[in-house]
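The values are calculated or read from the model by the stated rules, or taken from the named source; none is laboratory data. It should be emphasised that the depicted structure is a prediction, and the values quoted were computed from it without experimental measurement. Virtual Cβ from ideal backbone geometry, glycine too; neighbours counted across all protein chains shown.
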Amino acid sequence: MAESEKITINMNVVDLGKVDLLVDQGFYSNRTDFIRTSIRSQLDTHAEEVKEIVIRKSYVVGVVNYGRKELEKLRDSGTMIDVKVAGLLVISDNVDAELVKQTMASVQVRGVLKANAEVKTAIQEL
């Protein structure tokens, strides 16, 4: 399973009180359980829309890794790629900003980007 990412949400006190009531009554083990369940429910509700967007926009869903060797092969063949990820994009620490600029025409991440600071800056400039 991929890493999880911490998020923060703000709720009004009335909604939070309702969540706490459901937790107190044993419907959920804690607030986090309620929030995760709610998010999964909404994702299930919109699964078809997500699928259509992924197909239409050519997104890869999941975890995508790019390492130095793979990007060097792209550079050597003169290939530029458009990277679209819904999930986690990992660019290895041994990849530098210049290699990213030589191989990636654009990068869109709906989720989390893991890369060194130099590479993140290069990606923002694309």
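Of all residues in the stretch 71-85, which are more than 12 Å from Val100 (Cβ to Cβ) and either not hydrophobic (A, V, I, L, M, F, W, C) or not assigned by TED's automatic domain parsing to the domain that holds Arg110 (or both)? Those that are more than 12 Å from Val100 (Cβ to Cβ) and either not hydrophobic (A, V, I, L, M, F, W, C) or not assigned by TED's automatic domain parsing to the domain that holds Arg110 (or both): Lys73, Asp76, Ser77, Gly78, Thr79, Asp82, Lys84.
From the set of residues in the stretch 78-126 that are among the hydroxyl-bearing types (Ser, Thr, Tyr) and exposed (fewer than 13 other Cβ atoms within 10 Å of the Cβ), which is nearest to Arg68 (Cα to Cα)? Checking each candidate, the answer is Thr79.
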